[in-house]
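Shown next, in structure tokens, is the structure this report addresses.
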Amino acid sequence: MNTTLRALHSDSTVDLTQYRDQHFKGSRCDQEHLLLASSTLYVGNLSFYTTEEQINELFSKCGDIKKTVMGLDKVKKTPCGFCFVEYYTRADTEHAMRFINGTRLDDRIIRTDWDTGFKEGRQFGRGKTGGQVRDEYRTDYDVGRGGYGKIMQLQRINDNTMVF
């Protein structure tokens with residue numbers, strides 16, 4: 001009996017998700033074409049304390065990494081919970097999507113998504129206060145993401161301010 005293995009026609013772990021970078025310069029069709037050929041991942045929900053070395057150690061288990069770019073608060077220049085990981089090949093990137101997305105790193109469940117490729121300037125958070133937008137609106141306490149969200153921190157400061 002001669003049996004051959006065939007690749008899956010659809011693998012939901014590496015299919016494109018609904019996420020799209022709203023700041024992409026170009027058409028939606030251009031963006032999808034780049035995503036389908038990309039060897040770059042966006043990695044989110046990282047702890048502010050996760051290091052580039054930890055990222056490289058985890059993601060190198062799926063293949064050779066070409067470049068890692070940590071996301072930074074554009075004001076403080078400190079990590080703000082995301083990064084980009086670029087591999088040399090699409091196959092290695094697919095392995096990372098399959099095996100790393102949804103795993104725990106630094107006590108956080110990280111998520112990976114396809115990215116069209118890193119361009120200078122994208123390493124900075126896009127929130128009004130310099131970090132990520134979602135961290136500004138978070139109302140819960142999350143030690144790995146700097147405590148309370150920025151809006152809650154400002155509200156607490158205002159609540160504790162006494163006027164004489």
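Taken together, the values in this text are just the output of simple stated rules run on the coordinates, not laboratory data. Nothing here was measured: the structure is a model prediction, and the numbers come from that model. Backbone-built Cβ (ideal geometry, glycine too); neighbour counts: all protein chains shown.
Sort the following peptides by mean Cβ neighbour count (other Cβ atoms within 10 Å, averaged over residues), highest first: 58-70, 77-89.
Order by mean packing, descending: 77-89, 58-70.
With the convex hull built on the Cα atoms of region 1-122, state its orientation-averaged projected area in nm².
9.3
Based on the alpha-carbon set only, what is the convex hull volume of region 57-144 divided per residue, in Å³?
Expressed per residue, the convex hull around the Cα atoms of region 57-144 is 110 Å³.
What aspartates and glutamates does residue 25 reach when the alpha-carbon gap must be under 17 Å and sequence neighbours fewer than 8 apart in one chain are set aside?
List returned: 115, 120.
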